[in-house]
Structure formats: structure tokens, C-alpha cells
């Protein structure tokens, strides 16, 4: 019984955390210097705590090739990432396609809606416009992607995901995947370039350039107007 109560409290905690984060995102739109300074300190502190306490460090497999200095890369095509089955994939395969790169999680308050709408975008524009969606599981935010590759695959199959899923990675900190070092450098976010939460979305144009960054509270379908600029 005590274990059951513990699990319920654990899930409830995540729910409250997601709700509070959503309210914080809205507050960031307020142009108040004192508020922004306070939020900046809060977010940076939270980011460090999150990274150090719940991150699952992703080691680079043999044969993994990425730029020595990711910030100097010319496009995403210079990077390699392992797919969900552990096989290296050169991102050059996405050349000529508009892409959405998104860090995903299975137990987040944003999970249901984001997966549903990402699937809709894939179905609507995958064949007609050549849209490619790249999902990168990450456990750095509230420990909300704790499963292994098999468990993640099982979860996304139930969500009818057909777009490309990759191996679980870190997106912040010293062990951040080189691709995310590059993405954050090219498209910095509000109050710092670090990723703030699950389901941060980067739009990549047909030349492999990160052209837009959208936060977790932006629904995938709200990206359509932006995507239309790059078809």
C-alpha cells in the first residue's frame, strides 16, 4: 500500500511541476526587468539541478563521428546520431527536407498533445511536403523519460508514431549530444540557450540550417505557418 501511495505522489509531483513550468513560460513574456532577472536565476539554478540530479549520461558509441567543435558546424548534415535501435545515422540523409527536431518524453504533461500533433504533422506533410520529424528521447527534465529503448519503442508504437526516433540523449550539460550543442548555439532561447523542458522544437530548413526555435508550450500544429515559409 505504501508503495502505491508513493507512486501516486510521484506522478502528482510531476503534474504539479509541469503546471508550474507552464505558468512560468507565460510569465517570461512579461517585459519586466526585475522579473526576468529573477526568472533567469531560477531557470539557471533549476537547469543545473535537473542536469546533475536526473540526467542519464549518454556515452558516444564506437564509430560515432561529429565535429570536434559543434558550434563551428555549417549545418546539421555534419552530425551523426544513433537511431532508437542503436544504429548510427548521418543527418545528411535529411538533406533537402524541412525538419523538426524535438526532445521528447513519455511521462510529461505535454506528452499526449505533442505526440498526437506531431503524428498529425507527419501524416499531413510527410509525403506531400517531405517534412521529416526527428524525436530525441531525453530524461533530463523531471526524469520523465526513464525507460530503455525497448520501452520507448513500445510507447511510441501505441502513439502511432511513424517518424524517426533516436537513442536517448542529453540535451544540456557537459554530456549534451553535439547536435544539441550546435542547435542551441544557432538558435538561443529566452534567458539563455539551454533547453528548458521537454518538447522544445527546432525547425530546420532544406539547407540544414536551424531557422526557428519554439518552446514546450507551442503546440506542434501551431508550427504550420512557420513551416510553410520553408517548403
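Name every residue in the stretch 80-105 that is out of contact with any strand residue (DSSP E or B) (no Cβ under 8 Å at 6 or more places or on another chain) and either in a loop (DSSP other than H, G, I, E, B) or crowded, with 16+ Cβ neighbours inside 10 Å (or both), in order of residue number. Don't jump to the end; show me each part of the working.
Step one: filter the stretch 80-105 for residues out of contact with any strand residue (DSSP E or B) (no Cβ under 8 Å at 6 or more places or on another chain), giving 85-87, 92-93, 95-96.
Hits for the stretch 80-105 are 85, 86, 87, 95, 96.
Which one is surrounded by the fewest Cβ atoms within 10 Å (Cβ to Cβ), of the residues in the stretch 107-119 that are without any contact (Cβ under 8 Å) to a residue 60 or more places away in the chain and out of contact with any strand residue (DSSP E or B) (no Cβ under 8 Å at 6 or more places or on another chain)? Break it down stepwise before answering.
Here is the first cut: in the stretch 107-119, the residues without any contact (Cβ under 8 Å) to a residue 60 or more places away in the chain are 112, 115-116, 119.
Next cut, out of contact with any strand residue (DSSP E or B) (no Cβ under 8 Å at 6 or more places or on another chain) only: 112, 116, 119.
Numbers: 112: 10, 116: 14, 119: 19.
Going through the qualifying residues, I end up with 112.
Looking at the stretch 196-226, which of its residues are more than 16 Å from residue 119 (Cα to Cα) and without any contact (Cβ under 8 Å) to a residue 40 or more places away in the chain?
Within the stretch 196-226, 211, 212, 213, 214, 225, 226 qualify.
Mind checking which pairs have a first residue in the stretch 63-77 that is over 11 Å from residue 186 (Cα atoms) and a second that is in a loop (DSSP other than H, G, I, E, B) and modelled with pLDDT of 95 or more, Cβ under 7 Å, 6 or more apart or different chains?
Within 7 Å, the pairs are 66/79; 67/73; 77/95; 77/208.
Under 7 Å by Cβ, and 6 or more places apart or on different chains, what pairs join a residue from the stretch 167-182 that is on the phi > 0 side of the Ramachandran plot with one that is not in a helix (DSSP H, G or I)?
Qualifying pairs under 7 Å: 173/55.
The values are calculated or read from the model by the stated rules, or taken from the named source; none is laboratory data. Predicted model only: the values in this text are computed from it and were never measured. Every residue, glycine as well, gets a Cβ built from its backbone with ideal geometry; the counts of neighbours run over all protein chains shown.
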